[in-house]
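**Student:** The structure that follows is given in the form of structure tokens.
The values are calculated or read from the model by the stated rules, or taken from the named source; none is laboratory data. What you are looking at is a predicted structure, and each value in this text was computed from that prediction instead of being measured. Every residue, glycine as well, gets a Cβ built from its backbone with ideal geometry; the counts of neighbours run over all protein chains shown.
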Amino acid sequence: MPRLFIGNFSFETTRDRNQELPKHLKLLEAELATVWLTAANEGDFILCPKPISLDYFERMRGLGFPSVKPVSIDMLSKLKIDDVCCWGWSLPMRRFCDKQKMRYQAPLQQAIWRVNSRVYSVELERTLNCELQGTCVLSSMSDVDTWSEHAGETSWVLKTDLSQSGSGQIRGSVNPQILRWLQNNIKRGESIIAEPLLTKFVEVGCQWDISISGEVHFVGAAELLSNERGGYLGSQTGTNEARNPALDQILTVQREAVEQIAREGYFGPVGIDAMVYVSADGTLKSRPLQDINARWTMGRIALGFEHVFGKAGCWIHSKEPPEPDAVRTSPEYVDGNCVQHTHWWI
């Protein structure tokens, strides 16, 4: 029987709270729902929070994508669904599936949040002897005072424990704005990870799968394109040793990390971002475990586009076509309105 794909792309934002998504995140989830075409098979369902013209799905089918069925929430009770695939599992998502009486397989929620935690990522770096020098966890204002005394003029990246794609972070050297940001987040019970800001040579998103039985499988890697704040811009597939001279070393460390994640009780997709950076002495060094995402990722979707189009390429998120011959992979309209989150394949 078919699967149902649900794009709860903001699952880290809501965590385990049944809170209403802000309007801009609702729009994001509605407009990105169709990226599941890269993972679906013939006859699968994609949950579309807002109506999308069937002309779009016909156009994508003509490009080689599977014939899927877009469905709304009020249609779910009439469907026969064998399994649910969502962007990431949370308690609200589990409750939603239970309410709809849909079958699904998911790890324990405690394991999911543990392995998605940046604090856990720091612990894993220390265990595997690949910790970035200067990284520390700030859990109290006492920690902040100690850190700020020794931070000097270094530029830092400060991230909340569960944050994603450039959100929940601030960058710069120690100043009143950063100290206020730290104070506000720690008052809310957040732990903050402080990392020295690196000079990027190349970033790569590596995709892994963990089976229910705990077996680890490498899916592929794609160069990660991001803005100056770490926000996602796209992925360049076809990553190789010439472009990323440390790729083999990165994958060796990451496999050990994913095996440890499996021992925590997690199974499913894992995306790990790594960076090759220019050190202070001008040599290239690598950070294999820059970000760990125990969920689907945009880099994984980019590999799906590569598979369908049959060649390496670049999947770009941009309002305008990045090149004249770029193939539009997003719908033109959602619920009768022009799509704001547009993406292209070149």
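**Student:** Select from the range 19-66 the residues that are in contact with a Leu (Cβ under 8 Å, 6 or more places away or on another chain) and acidic (Asp, Glu) and list them in ascending order.
**Tutor:** Glu29, Asp44
**Student:** Then there's this: Take the residues in the range 98-109 that are hydrophobic (A, V, I, L, M, F, W, C) and under 23 Å from Leu32 (Cβ atoms), then tell me which one is modelled with the highest pLDDT.
**Tutor:** Per the stated criteria, the residue is Ala106.
**Student:** Can you confirm whether the range 56-71 contains a residue that is touching a Phe, Trp or Tyr at 6+ places or on another chain (Cβ under 9 Å), aliphatic (A, V, I, L, M) and closer than 22 Å to Asp291 by Cα?
**Tutor:** no
**Student:** Starting from residues that are in contact with an Asp or Glu (Cβ under 6 Å, 6 or more places away or on another chain) and touching a residue at least 24 places away in the same chain (Cβ under 8 Å), keep the ones in the range 162-189 and report whichever is surrounded by the fewest Cβ atoms within 10 Å (Cβ to Cβ).
**Tutor:** My answer is Leu162.
**Student:** Of the residues in the range 205-226, how many are of a type in the set (D, E, K, R) and buried (at least 19 other Cβ atoms within 10 Å of the Cβ)?
**Tutor:** Number satisfying all stated conditions: 1.
**Student:** For the list (1) over 16 Å from the mean Cα position of the chain (by Cα); (2) modelled with pLDDT of 95 or more; (3) buried (at least 19 other Cβ atoms within 10 Å of the Cβ); (4) farther than 17 Å from Ser139 by Cβ, I need the number of the one condition that Val202 fails.
**Tutor:** (2)
**Student:** Can you name the number of the only condition in (1) assigned to a loop (DSSP other than H, G, I, E, B); (2) without any contact (Cβ under 8 Å) to a residue 60 or more places away in the chain; (3) closer than 19 Å to Phe9 by Cα that Arg103 fails?
**Tutor:** Looking at each condition in turn, Arg103 falls short on (3).
**Student:** What's the total number of residues in the range 159-213 that are at positive phi, of a type in the set (Ser, Thr, Tyr) and touching a helix residue (DSSP H, G or I) at 6+ places or on another chain (Cβ under 7 Å)?
**Tutor:** So the count comes out to 0.
**Student:** Quick one: in the range 76-100, of everything that is among the small types (Gly, Ala, Ser) and either over 20 Å from Gly43 (Cα atoms) or touching a residue at least 60 places away in the same chain (Cβ under 8 Å) (or both), which residue is surrounded by the most Cβ atoms within 10 Å (Cβ to Cβ)?
**Tutor:** For the range 76-100, the residue satisfying everything is Ser90.
**Student:** From the list Gly271, Gly282, which one is outside any helix (DSSP H, G or I) and surrounded by 14 or more Cβ atoms within 10 Å (Cβ to Cβ)?
**Tutor:** Unique residue meeting the criteria: Gly271.
**Student:** I need every pair where a residue in the range 38-56 that is closer than 19 Å to Ala302 by Cβ has its Cβ under 9 Å from the Cβ of a residue that is among the polar types (S, T, N, Q) and at pLDDT 95 or above, sequence separation at least 6 or different chains.
**Tutor:** Thr38/Thr329; Ile46/Thr34
**Student:** Still on this structure: Go through the residues of the range 131-145 one by one and say whether even a single one is among the aliphatic types (A, V, I, L, M), touching a residue at least 12 places away in the same chain (Cβ under 8 Å), within 30 Å of Val35 (Cβ to Cβ) and not in a loop (DSSP other than H, G, I, E, B).
**Tutor:** Checking the range 131-145: not a single residue is among the aliphatic types (A, V, I, L, M), touching a residue at least 12 places away in the same chain (Cβ under 8 Å), within 30 Å of Val35 (Cβ to Cβ) and not in a loop (DSSP other than H, G, I, E, B).
**Student:** Run down Leu303, Leu289 and say which single residue is closer than 24 Å to Asn116 by Cβ, modelled with pLDDT of 95 or more, assigned to a strand (DSSP E or B) and touching a helix residue (DSSP H, G or I) at 6+ places or on another chain (Cβ under 9 Å).
**Tutor:** After applying the criteria, what remains is Leu289.
**Student:** Within the range 1-97, which strands (runs of 3 or more DSSP E) (wholly inside it) include 2 or more residues that are modelled with pLDDT under 95?
**Tutor:** Output list is empty.
**Student:** Could I ask something else about it? Would you check if there is a residue in the range 137-150 being hydrophobic (A, V, I, L, M, F, W, C) and under 24 Å from the mean Cα position of the chain (by Cα)?
**Tutor:** Yes, because at least one residue in the range 137-150 is hydrophobic (A, V, I, L, M, F, W, C) and under 24 Å from the mean Cα position of the chain (by Cα).
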